[in-house]
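What follows is a single structure, written as structure tokens, with notes after it.
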Amino acid sequence: MTHTHITTIVLTIILFLIAVTMQKKGKNIKVLQMVLRVMYLLIIVTGGMLFLSVYTISFLYILKALLGLVMIGLFEMIVSVGKKGKSNLGLWVLFGVALIALLYLGLKLPMGFYLFTS
Ligand code: HEM
């Protein structure tokens with residue numbers, strides 16, 4: 001399941017970057033935005049299944065899940081603010097911070113790949 005989670009995340013990030021670039025060029029991204037929303041659901045479902053499979057849910061797991069949901073909110077907000085043509089540098093900064101924190105937490109927590117130990 002961690003592999004499905006990671007695969008959906010990588011695909012979502014690629015699609016998201018394509019959507020943002022197309023949006024900047026003034027292209028219509030309605031269909032892409034719908035596909036992206038399905039991807040968000042898949043991330044939540046795969047993440048939720050991982051979360052439910054944990055034997056003892058620690059604080060870090062709750063933080064991981066909450067940050068994951070915030071991250072999805074940020075994907076959605078960046079696309080919708082971009083649509084109105086407003087500046088969204090602050091959102092991109094949050095996006096970077098949340099992504100790094102999630103990768104760190106996801107790879108530190110015991111399931112799947114286990115890169116950071118301490
Ligand atoms: C875009 C948002 C998200 C990103 C970038 C992300 C990133 C990651 C990464 C990199 C891993 C490590 C997988 C591995 O070790 O093979 C992971 C695992 C996990 N994620 Fe997410 N995730 C996101 C959303 C969510 C959501 C919404 C939830 C919960 C509802 C969630 C719950 C989990 C759980 C429980 C694990 C297993 C942790 C472990 O023990 O290794 N994630 N995630």
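The values are calculated or read from the model by the stated rules, or taken from the named source; none is laboratory data. What you see is a predicted model; the values in this text were computed from it and never measured. Quick reminder, even Gly has a Cβ in these numbers, built from the backbone with ideal geometry, and neighbours come from all protein chains shown.
Within segment 63-72, restricting attention to residues that are closer than 18 Å to Leu41 by Cα and of a type outside the set (Gly, Ala, Ser), which residue is surrounded by the fewest Cβ atoms within 10 Å (Cβ to Cβ)? I'd like the intermediate steps shown before the answer.
Residues of segment 63-72 closer than 18 Å to Leu41 by Cα: 64-72.
So of that shortlist, the ones also of a type outside the set (Gly, Ala, Ser) come out as 64, 66-67, 69-72.
On the way: Lys64: 21, Leu66: 10, Leu67: 17, Leu69: 13, Val70: 14, Met71: 20, Ile72: 20.
Step by step, filter segment 63-72, then rank; the result is Leu66.
Gly112 versus (1) within 10 Å of the ligand (Cβ to nearest atom); (2) in a helix (DSSP H, G or I): which is the lone unmet condition?
Failed condition: (2).
Among the residues of segment 82-112, what is the count of those that are exposed (fewer than 12 other Cβ atoms within 10 Å of the Cβ) and within 18 Å of Gly47 (Cβ to Cβ)?
Residues meeting the conditions: 2.
Please enumerate the residues belonging to segment 60-94 that are within 13 Å of the ligand (Cβ to nearest atom) and more than 15 Å from the chain's Cα centre (by Cα).
Leu60, Tyr61, Ile62
Which is hydrophobic (A, V, I, L, M, F, W, C) and either in contact with a Phe, Trp or Tyr (Cβ under 8 Å, 6 or more places away or on another chain) or crowded, with 16+ Cβ neighbours inside 10 Å (or both), of Val45, Val79?
Numbers: Val45 fails: either in contact with a Phe, Trp or Tyr (Cβ under 8 Å, 6 or more places away or on another chain) or crowded, with 16+ Cβ neighbours inside 10 Å (or both).
Of the residues listed, the single one that is hydrophobic (A, V, I, L, M, F, W, C) and either in contact with a Phe, Trp or Tyr (Cβ under 8 Å, 6 or more places away or on another chain) or crowded, with 16+ Cβ neighbours inside 10 Å (or both) is Val79.
Does segment 1-48 hold any residues that are at pLDDT below 95, within 14 Å of the ligand (Cβ to nearest atom) and farther than 16 Å from Leu103 by Cβ, and which are they?
Met1, Thr4
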